[in-house]
Amino acid sequence: MKPDYSKYTQEELLDVYENIDRKMYPERFKALCSSIELEKPVEKKKRLLTNPKN
């Protein structure tokens, strides 16, 4: 079962972004990034997108 990121809050999306295994779930990571882009920007999101872990 794939997560429905449209039902996640901004905080939940950012938490998943920080913790998702991008190698194991590349499709989920792509969907997550699309969902984050649809949300209003916040300072934490800007930091994450400019300084990704992986």
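Before moving on, here are some points about what is shown:
- Only residues that are open to solvent by 80 Å² or more (accessible area, probe 1.4 Å), modelled with pLDDT under 65 and under 15 Å from Asp4 (Cβ atoms) were counted in the stretch 36-46, giving 0.
- Test result for Met24, at pLDDT 95 or above, open to solvent by 80 Å² or more (accessible area, probe 1.4 Å) and aliphatic (A, V, I, L, M): yes
- Tally of residues being at pLDDT below 90 and open to solvent by 70 Å² or more (accessible area, probe 1.4 Å) across the stretch 10-21: 1
- The set of residues in the stretch 20-35 that are under 14 Å from Pro3 (Cα atoms) and of a type outside the set (Asp, Glu) comprises Ile20, Tyr25, Pro26, Arg28, Phe29, Lys30, Ala31, Leu32, Cys33, Ser34, Ser35.
The values are calculated or read from the model by the stated rules, or taken from the named source; none is laboratory data. Worth saying up front: this structure is predicted, and the values here are computed from it rather than measured. So basically every Cβ, Gly included, is an ideal-geometry build from the backbone, and we count neighbours across all protein chains shown. The area values use the complete protein model at the heavy-atom level, side chains included, leaving out ligands, DNA and RNA. Shrake-Rupley method; radii C 1.70, N 1.55, O 1.52, S 1.80 Å.
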